[in-house]
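So the structure is just underneath, and the comments pick up after that.
The values are calculated or read from the model by the stated rules, or taken from the named source; none is laboratory data. Because the structure is predicted, anything quoted here is derived from the model rather than measured. Positions of Cβ are backbone-derived with ideal geometry, glycine not excepted, and every protein chain shown enters the neighbour counts. Accessible surface areas use protein heavy atoms only, side chains included; no ligands, DNA or RNA. Shrake-Rupley method; radii C 1.70, N 1.55, O 1.52, S 1.80 Å.
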Amino acid sequence: MAESTVEHLLDSIHFPEDLRHLSQDKLEQVCADLRQYIIDVLSENPGRLGACLGPVELTVALHYVFNTPYDRIVWDVGHQCYTHKLLTGRAQAFSTIRQKDGISGFPKISESVYDSFGSRHASTSISAASGILAGKELQHKKNFVIAVIGDGALTGGLAIQ
């Protein structure tokens, strides 16, 4: 399936903390390897290819800069989260994505502590992130909450409330 360099990469990056140990000059190669691995897996197990390839660099940057899972990322469209799944302990199970008894094609709170909200389709990330942030403020926690929303979701009613 995937080239050995990709397998080596995924063997060495199990969680975002592993990613944060890399120098910034290696992140471009990380993104290229992750993108190729997603393509390899989805060529055998069809999934939402376009929506997950666009945010590869964004996802790597978010996990590199923020202290996830303490800082929370809320994905607006669940299909955007494939790179997120690969970086948060699910690389070994990624070939089972969207299959019976496999990992979900969407963020799923019961699947990972890194999944902050069980999104499916557009326009809920801003309101969900606002709720998570309000809860953190009530607990006097200072962590960040990031809403990842695509331009297509901005037309949804919840996104503009």
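Taking segment 90-127 on its own, how many of its residues are over 15 Å from residue 52 (Cβ atoms), at pLDDT below 95, surrounded by fewer than 21 Cβ atoms within 10 Å (Cβ to Cβ) and not charged (D, E, K, R)?
Here the count works out to 10.
Just checking: which of the helices (runs of 4 or more DSSP H) contained wholly in segment 20-73 hold 3 or more residues that are more than 18 Å from residue 114 (Cα to Cα) and not polar (S, T, N, Q)?
27-44, 49-53
Restricting to segment 1-38, what's the tally of residues that are among the charged types (D, E, K, R), in contact with a Leu (Cβ under 7 Å, 6 or more places away or on another chain) and modelled with pLDDT under 75?
Of all residues in segment 1-38, those among the charged types (D, E, K, R) come to 3, 7, 11, 17-18, 20, 25-26, 28, 33, 35.
Narrowing the set further to residues that are in contact with a Leu (Cβ under 7 Å, 6 or more places away or on another chain) leaves 33, 35.
Subsequent filtering for residues that are modelled with pLDDT under 75 retains none.
Count: 0.
Show the residue pairs that are 6+ apart or on different chains and have beta-carbon atoms under 8 Å apart, the first residue being within segment 79-101 and on the phi > 0 side of the Ramachandran plot, the second being polar (S, T, N, Q) and open to solvent by 10 Å² or more (accessible area, probe 1.4 Å).
Here the result reads 89/112; 98/45; 98/104, each pair linking segment 79-101 to a residue that is polar (S, T, N, Q) and open to solvent by 10 Å² or more (accessible area, probe 1.4 Å).
Does at least one position in segment 106-117 carry a residue that is part of a helix (DSSP H, G or I), closer than 23 Å to residue 153 by Cα and touching a residue at least 12 places away in the same chain (Cβ under 8 Å)?
Checking segment 106-117: not a single residue is part of a helix (DSSP H, G or I), closer than 23 Å to residue 153 by Cα and touching a residue at least 12 places away in the same chain (Cβ under 8 Å).
Can you report the number of residues in segment 81-105 which are assigned to a loop (DSSP other than H, G, I, E, B) and in contact with a Leu (Cβ under 6 Å, 6 or more places away or on another chain)?
Within segment 81-105, residues that are assigned to a loop (DSSP other than H, G, I, E, B) and in contact with a Leu (Cβ under 6 Å, 6 or more places away or on another chain) number 1.
Looking only at segment 128-139, filter to residues that are touching a strand residue (DSSP E or B) at 6+ places or on another chain (Cβ under 6 Å) and open to solvent by 30 Å² or more (accessible area, probe 1.4 Å); which one of those is farthest from residue 81 (Cα to Cα)?
133
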